[in-house]
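All remarks here apply to the structure that follows.
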Amino acid sequence: MARAKLARLSDAKPGERFRITKLEIEGTMKRRLLDLGFVPGSEITVLQKSPLGDPTAYRVSYTTIALRKEESDHIYGERIGNE
Amino acid sequence: MNKKKYTVALAGNPNTGKSTLFNVLTGLRQHTGNWPGKTVIHAEGFFTYKNEEYQIIDLPGTYSLYSNSADEEVARDFIIFGKPDVTLVVLDATALERNLNLALQVLEMTDRVIVCLNLMDEARKKGMIIDTANLSKKLGVPVVPLAARNKEGIEELLETIARMVHGEIKTTPLAVSYSRAIEEKITKLLPLVKEVVGEEYPARWVALRLLDGDTSLLHALQHHRHHFFREGSAHACHCAKSI
Ligand SMILES: Nc1nc2c(ncn2[C@@H]2O[C@H](COP(=O)(O)OP(=O)(O)OP(=O)(O)O)[C@@H](O)[C@H]2O)c(=O)[nH]1
Ligand SMILES: [Mg+2]
C-alpha cells in the first residue's frame, strides 16, 4: 500500500489539524500522552507555540494541553490542513 | 447520633468542579475553608446528612492515576489506602470522552463509586443531551447529574451517597478487558497477588500495575503495609516480570 510518510506532530504548524496514527514510544511517557488524550485516531488542532517555540499548545478532545517538542516528536500522523 | 463517620473522596480531571462541590457540601454544615484555584494537597471537610457524619476529601485533579506525578500519587494512594466509603468521580459533562478515562481507572480500583456529571448547565447551553440512565447502566455505578456552582442536583447526590454507604446500592463496575495476552497474564498473576495483598486491595488492579512495572505503587504498598514486602512483593514483582 503506497502511503505518504507520516509526519510528526512537532512538525505541524499553528492553525493546522493533525490526525494521530501512532505513538512511537513506550513506558511512562506513552502512558502520559495517552492519558492526556493523544490517542491514535484522535484529531488535534495546533493552537500556538510559546514565544521561545517550546512548548506548543494543542486542542485535544475539548481541552488545551501543552507539550514539549521532546514529547510531540514521538507522535506520528497526518497533517490534515487548516481549520 | 450515629458515631460512625463515613469517608467520601472527590476525584476527577482538573477543573471539573471538585472544589466547588466540596465547598457546597461542607458549606451545608460548616465552612472549612475556601480552596480556590488548583488543588495541590488534599483538603478535608465535614458534612452531616440525615444525622450521619461524613468526612470529605478533595483530591487534586488528574487526567490519570498512572503516570506518577505527585498529584496522581496523592489521588491514587488515597483511593487505595484511604479506602473511602464512597469515591465521587466528578466529570465535566461537556467533555465526557476525555473525562471517562479517569472514571474507568477509578472503577478498576473500587466498586464504591458514584459518577457525578458536573457542569450540566454548560452541557445544556451547548445543546448536549446525556442519557444518564444508559451511562449508569454501562458503567455499572450510579450517575448523578450536577451543576455544583448552582447547587443543582445536590440532594440527589447526598441521597445516593447515603444509600451507598448503607449498602443499599449494588454496583457492577465496568471492567475494561485487555488483549488476550494481557488477560492471560492477569489470570496467572491473580492468585499470587491475592495471596500477598489479601482481600484488602483490588487484586486485578494490583496485577495490572505489576504488569505495567509500576514501581511507585510497590513503594507505596511497602510504605503502607510493611508485611506486604516481607517476601511476597519481591516475589510478585519477579513473577510479573517473568510472566
Ligand atoms: N458553569 C459551571 N461552572 C462550574 C460548575 N462547577 C464548578 N464550576 C466552575 O469551574 C471552575 C473550576 O472549579 P473548581 O471547583 O476549582 O475545579 P476543581 O475540579 O477543584 O479544579 P482542580 O482542583 O484544579 O482540579 C470554577 O471557575 C468554578 O466556578 C458548574 O456546575 N457549572
Ligand atoms: Mg480543586
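With 23 Å as the limit, write out which pairs from B:Lys5/B:Lys138; A:Lys22/B:Lys185; A:Lys13/B:Lys18; B:Lys83/B:Lys194; A:Lys69/B:Lys126; B:Lys4/B:Lys151 have Cα-Cα distances beyond it, or answer none. Mind showing how you got there, number by number?
Details: B:Lys5/B:Lys138 31 Å; A:Lys22/B:Lys185 25 Å; A:Lys13/B:Lys18 35 Å; B:Lys83/B:Lys194 17 Å; A:Lys69/B:Lys126 34 Å; B:Lys4/B:Lys151 27 Å.
Table pairs above 23 Å Cα-Cα are B:Lys5/B:Lys138; A:Lys22/B:Lys185; A:Lys13/B:Lys18; A:Lys69/B:Lys126; B:Lys4/B:Lys151.
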query: Can you work out the base-10 log of I(q)/I(0) for chain A at q = 0.11, 0.15, 0.19 1/Å, using the Debye formula on its C-alpha atoms alone?
result: -0.25, -0.46, -0.75
message: Which of the three applies to the protein assembly as shown, rounded, prolate or oblate, going by the alpha-carbon gyration tensor with a ≥ b ≥ c and a/c under 1.5 meaning rounded?
response: oblate
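Highest mean first, how do A:17-30, B:197-210 rank when packing is the count of other Cβ atoms within 10 Å averaged over residues? Mind dumping the intermediate values first?
Numbers: A:17-30: 15.2, B:197-210: 19.7.
Packing order, densest peptide first, comes out as B:197-210, A:17-30.
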Point-to-point label distance, B:Glu159-B:Lys137, nm (Cα→Cβ direction, 7 Å offset): 2.1 nm
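Using a Förster radius of 22 Å, what is the FRET efficiency between B:Asn150 and A:Glu43 based on their Cβ-Cβ separation? Nearest 0.05, please.
Numbers: r = 32 Å, r/R0 = 1.47.
Working from the Cβ atoms, E equals 0.10.
Working out 0.36 nm times the residue gap between B:Lys125 and B:Thr48, then minus their Cα-Cα distance, what length gain in nm do you get to one decimal? Present the calculation step by step, with values, prior to reporting the outcome.
Numbers: separation 77, 0.36 × 77 = 27.72 nm, distance 3.26 nm.
Working it through step by step, the gained length comes to 24.5 nm.
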- prompt: So how far apart, in nm, are the two label points at B:Asp212 and A:Lys69 if each is 7 Å from Cα heading toward Cβ?
  reply: 3.1 nm
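Once the piece of chain linking A:Ala57 and A:Ile25 is laid out straight, how much longer is it, given 0.36 nm per residue of separation minus the C-alpha distance between them?
Working: separation 32, 0.36 × 32 = 11.52 nm, distance 2.04 nm.
Length gained between A:Ala57 and A:Ile25: 9.5 nm.
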task: Quick one: give the max-minus-min coordinate of the C-alpha atoms of segment B:6-165 along each principal axis, largest first, in Å.
output: 36, 36, 29
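Every read-out reported here was derived from the displayed coordinates using simple, explicitly stated rules and does not represent laboratory data. Quantities reported herein were computed from a predicted structural model and do not represent experimental measurements. Cβ: placed from backbone, ideal geometry, glycine included. Neighbour counts: every protein chain shown.
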